[in-house]
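One structure is given below, encoded as structure tokens.
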Amino acid sequence: MKAMKMSRRGFMKACGIMAGYAVLSVNMTKEVFAAAMNMVGMRQKQVYDADAHIYKVRKSQDNPMVQKIYDKKHGFLHDGPCGHKSHHLLHTEYKDRSASIKALKSKGVTLSM
Amino acid sequence: MRSIEGVMYQGNAPKGVDPDSIFFVQVDTDKCEACGTCEEVCGTGAIKVINDDEIRQVVDPAACMNCGQCLVNCPYGAIYEGVSYVDELFEKLKDPDTVVVSMPAPAVRYGLGECFGAPTGTYVGGKMHAALRKLGFDYIWDNEFTADVTIMEEGTELIGRVKNAGKEGTLPLPQFTSCCPGWVKFVESFHPELLPHVSTCKSPIGMLGPLAKTYGAQETGTKPKKMYTVSIMPCVAKKYEGMRPEMDDSGQRDIDATINTRELAYMIKKAGINFNSLPDEDPDPVLGESTGAATIFGTSGGVMEAALRLAYEVLSGQKLNDPDIKVVRTHEGIRAADVKVPNFGTVKVAVCSGLSNAQKLCEEVKAGKSPYHFIEIMACPGGCVNGGGQPIDPDVRASLFRSMIAKVNRRYNARKPEA
Ligand code: SF4
Ligand code: SF4
């Protein structure tokens, strides 16, 4: 009956003394991560295969639609990359968000950095 | 709450809400088994033990960069998404007065097929375009086009910083990429003093939204007000990015909705579309066409390689005969490389994925010890192909099966002494 009243934490602790469980639990995170990275390698390989074999044009500056949008006479972005219109539509500014991190830390939350 | 490709979603489509107040991912405490995998993969320490049962939760939205790595790695499927525009999008697709525009990211086409039984990573770009058309999107525009535009903008910015280095009014080197909203929030939160190093370029989706509602509207004769732009991403953090208040340079909200690969697969299935029998189709003109340089944005090292394909030609004045720049291709972690460019010298670059790795490079730059011209950073290990919005790797949940056996054994063993 005692076991049934244990909190989950107590339960885990009770289990933790068994070497078998300790090993399994450590391996699970590692296993999940290894599985994920294996999947990543396969997806990455397909990306480079498509780049080499499916896409006819392989440099951004050679994309005909890129050349059209930056066309010096009629292009929508005729003043070129980093030009006036680009600056307005395609560039941005960033915001210092460190205050909310400081506030969290002062509440006693420990973060990794 | 509903299950979408094995992940739970709240049907919450916020408008005009401060994205900093939203939990884009959160742990369902009823499903959490206290294994701690999420805490281990989280780069910032945002996900923590909250009670004596060692149940985890994201403690505050400010600490979470919305990368979703905890979610895709949880073996119990206990982590849910807090925002989903799927219902609203279905409504907009039905509405004859709304011109719905698709904007899918590069990495989506290397994950979507998996939801329909294709082997891991299968390229389904053509079928994806066909499926979007079948779903009723009016213009099939493609975020890969603006990946190419990003290279033009960000490459030009980099060349400017390199050529004018040290001159007054020039932004500093190294230049960091700015495509990944997980990384951008990270640097804004933890290293604001490095912000001048971050490229001023918006991400590809940050560029396609406003271009759709200006240039795209012009070219197609559409009223920008009638347009509903849908960002389709391998990502959770892109939902946050789409909601950033400043993303309204077109005069409207630049991005009306953001969904991810899993949600797109769900919509295709829900609409009864037989994905595997679809033909390969092209995107629509003006904002659709793309290159190999754009598609590699989906993997760690891709933005770097694409930028170098431009920088090499501009700096050297010569044609780059072989576009493969394999030294920057990075499976995981950090990679540094020297790229020799004729008539210029050596371009020094670093590629990095995962936020704890990003932290190391940030410290280096702060200490004035960073030798690089250009640094690419992605929050997700391996880049967006491994994004928080991608289909769940069956092997991650397979380890759940193993862990369930472990748990059963554990319970059995724990009871034994009592018996
Ligand atoms: S989404 Fe990313 S930053 Fe947020 S808690 Fe999960 S792993 Fe940590
Ligand atoms: S690496 Fe890609 S998928 Fe991951 S947070 Fe950044 S943009 Fe999103």
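Put simply, of B:Val349, B:Val365 the only residue that is at pLDDT 95 or above and part of a helix (DSSP H, G or I) is B:Val365.
When each of B:Ala358, B:Ala350, B:Ala337, B:Ala367 is tested for being more than 14 Å from chain A (Cβ to nearest Cβ), touching a Phe, Trp or Tyr at 6+ places or on another chain (Cβ under 7 Å), at negative phi and not β-branched (Val, Ile, Thr), the lone residue that passes is B:Ala350. The lone criterion from (1) part of a helix (DSSP H, G or I); (2) at pLDDT below 95; (3) not β-branched (Val, Ile, Thr) left unmet by B:Ala165 is number (1). B:Glu305 satisfies every condition listed in (1) facing chain A (nearest Cβ under 10 Å); (2) more than 16 Å from ligand 1 (Cβ to nearest atom); (3) under 14 Å from the mean Cα position of the chain (by Cα) except (3).
Filtering the range A:71-94 to residues that are facing chain B (nearest Cβ under 7 Å) and crowded, with 17+ Cβ neighbours inside 10 Å leaves A:Phe76, A:Pro81, A:Cys82, A:Ser86, A:Leu89, A:Leu90, A:His91, A:Thr92, A:Tyr94. The residues of the range B:35-47 that are more than 9 Å from ligand 1 (Cβ to nearest atom) and buried (at least 19 other Cβ atoms within 10 Å of the Cβ), listed by number, are B:Cys35, B:Thr37.
Among what's in the range B:48-66 and is more than 16 Å from ligand 2 (Cβ to nearest atom) and assigned to a loop (DSSP other than H, G, I, E, B), pick the residue that is surrounded by the fewest Cβ atoms within 10 Å (Cβ to Cβ). Full working, then the answer.
Kept after step one, since they are more than 16 Å from ligand 2 (Cβ to nearest atom), are these residues of the range B:48-66: B:48-57, B:59-60, B:62.
Okay, now just the ones that are also assigned to a loop (DSSP other than H, G, I, E, B), so B:50-55, B:59-60.
On the way: B:Ile50: 15, B:Asn51: 13, B:Asp52: 10, B:Asp53: 17, B:Glu54: 19, B:Ile55: 20, B:Val59: 19, B:Asp60: 18.
Among those residues, the one meeting the criterion is B:Asp52.
Of all residues in the range B:216-239 being assigned to a helix (DSSP H, G or I) and surrounded by 24 or more Cβ atoms within 10 Å (Cβ to Cβ), which is nearest to ligand 2 (Cβ to nearest atom)?
Here the residue is B:Ala237.
Could you tell me whether the range B:231-244 includes any residue that is of a type in the set (Lys, Arg) and closer than 20 Å to B:Glu144 by Cα? Yes, the range B:231-244 has at least one match. Among the residues of the range B:113-138, the ones that are within 11 Å of chain A (Cβ to nearest Cβ) and assigned to a helix (DSSP H, G or I) come to 4 in all.
A Cβ distance below 8 Å, combined with a sequence gap of six or more or placement on separate chains, defines the contacts here; from the range B:313-332, residues that are more than 10 Å from chain A (Cβ to nearest Cβ) and within 30 Å of B:Asn386 (Cα to Cα) reach residues that are in a helix (DSSP H, G or I) and of a type in the set (Asp, Glu) in the pairs B:Ile325/B:Glu305; B:Val328/B:Glu305. Among all positions in the range B:236-250, there is at least one residue which is among the β-branched types (Val, Ile, Thr) and closer than 30 Å to B:Gly6 by Cβ. Residues in the range B:75-109 that are over 20 Å from the mean Cα position of the chain (by Cα), outside any helix (DSSP H, G or I) and in contact (Cβ under 8 Å) with a residue 12 or more places away in the chain: B:Pro75, B:Tyr76, B:Gly77, B:Ala78, B:Asp97, B:Thr98, B:Val99, B:Val100. Within the span defined as the range B:273-280, one or more residues are free of Cβ contacts under 8 Å to residues at least 12 places away in the same chain and not in a helix (DSSP H, G or I).
Looking at the range B:324-331, is at least one residue modelled with pLDDT under 95 and within 20 Å of the chain's Cα centre (by Cα)? For the range B:324-331, residues modelled with pLDDT under 95 and within 20 Å of the chain's Cα centre (by Cα): present. Being within 11 Å of another protein chain (Cβ to nearest Cβ) and more than 16 Å from ligand 1 (Cβ to nearest atom) is a property that B:Gly209 has.
The values are calculated or read from the model by the stated rules, or taken from the named source; none is laboratory data. Predicted model only: the values in this text are computed from it and were never measured. Quick reminder, even Gly has a Cβ in these numbers, built from the backbone with ideal geometry, and neighbours come from all protein chains shown.
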